[in-house]
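Every number here is computed from the coordinates shown, using simple stated rules; none is lab data. This one's a predicted model, so the numbers in the text were calculated from it and none came from an experiment. Cβ placement follows ideal geometry from the backbone for every residue including glycine, while neighbour counts extend to all protein chains displayed.
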Amino acid sequence: DVKVTQSSRYLVKRTGEKVFLECVQDMDHENMFWYRQDPGLGLRLIYFSYDVKMKEKGDIPEGYSVSREKKERFSLILESASTNQTSMYLCASSSLQNPYFFGPGTRLTVT
Amino acid sequence: DQQVKQNSPSLSVQEGRISILNCDYTNSMFDYFLWYKKYPAEGPTFLISISSIKDKNEDGRFTVFLNKSAKHLSLHIVPSQPGDSAVYFCAASRQGAQKLVFGQGTRLTINP
């Protein structure tokens, strides 16, 4: 069974903390994505990666960075967490032949 | 600029009836469209897709219709079942691009 896993389901952090969200896929997909989901706004793309060590900004990259050192792993970093980054974070992977597969999501609360 | 729009935040349908979810897009370069279903506390799961060379694609109880001239697509679920209660996201992409653009989502509730 194919899988995209995320390191935490629920996370509570304080304002100003550095936060790491990890995503791992076992499908050998080239592409990996980080989205955030907010009510009324749908899924908005933060960053994506087409290959190892490659990254591209999505629609809302401000306040975030990413790292892809290995093909199966894509990390999202909040350099200094703020309350407006409280959200559901969704990781996805895909290849040319397949639609996205999503992980279960991480509900991040920044207090 | 919202390139993919789902104008109905919620929809309530009687069990056994047809559910119709709508989606509009503005970018004429989009040529591949997908629907995802999301339960609370889970990631979205792929439901059905359609390429712009078709105007209809069917998979069991789910049918997606594409009207390119109107830049509109719809998802029909018939008959609707209680397990269909979820948030449905419409998504679009253009050829050669792996990036999907998602709509805001529609919360579908199926009433017994």
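Given a Förster distance of 35 Å, report the FRET efficiency between residue B:27 and residue A:65 from their Cβ-Cβ distance, rounded to the nearest 0.05. Let's see the in-between values first.
Details: r = 28 Å, r/R0 = 0.79.
FRET efficiency, residue B:27 to residue A:65: 0.80.
Taking each residue in B:97-109, count the Cβ atoms of any other chain within 10 Å of its Cβ, then average. What number comes out?
Other-chain Cβ atoms within 10 Å of each residue's Cβ, averaged: 5.
Would you mind classifying segment A:31-108 by shape? Square roots of the alpha carbon gyration tensor eigenvalues, ordered a ≥ b ≥ c; an a/c under 1.5 is rounded, otherwise it is prolate if a/b is larger than b/c and oblate if not.
On the way: a/c = 1.93, a/b = 1.33, b/c = 1.44.
Here segment A:31-108 falls in the oblate category.
Per 10 Å bin, what percent of the C-alpha pairs of chain B does each bin hold, from zero upward?
Taking all Cα pairs of chain B, the binned fractions are 15, 50, 30, 5, 0 percent.
Go ahead and run the numbers for FRET between residue A:15 and residue B:41, Cβ-Cβ distance against an R0 of 25 Å, rounding to 0.05.
On the way: r = 25 Å, r/R0 = 0.99.
Result of the calculation: an efficiency of 0.50.
Order the peptides A:105-111, A:82-88 from the highest to the lowest mean number of other Cβ atoms within 10 Å of their residues. If you can, show how the numbers build up before the last one.
On the way: A:105-111: 17.9, A:82-88: 14.9.
The packing order, highest mean first, is A:105-111, A:82-88.
When only DSSP loop residues count, what chymotrypsin sites (Phe, Trp or Tyr not before Pro) in segment A:30-87 have their Cβ near at most 14 other Cβ atoms within 10 Å? Don't jump to the answer; show the numbers that get you there.
On the way: sites: A:33, A:34, A:35, A:47, A:48, A:50, A:64, A:74; in loops: A:50.
Answer in residue order: A:50.
Could you name the lysines whose alpha carbon sits less than 24 Å from that of residue A:18, not counting residues in the same chain fewer than 8 places away?
Correct list for residue A:18: A:53, A:55, A:57, A:70, A:71.
Check cross-link reach from residue B:56 to the lysines: straight Cα distance under 27 Å, and skip same-chain residues fewer than eight apart.
Those lysines meeting the cut-off are B:5, B:37, B:38, B:68, B:71, B:99.
Averaging sequence separations of C-alpha pairs under 8 Å and six or more residues apart, then dividing by the length of chain A, give the relative contact order as a whole percent.
Values: 290 pairs, mean separation 40.0, N = 111.
Contact order relative to length: 36 percent.
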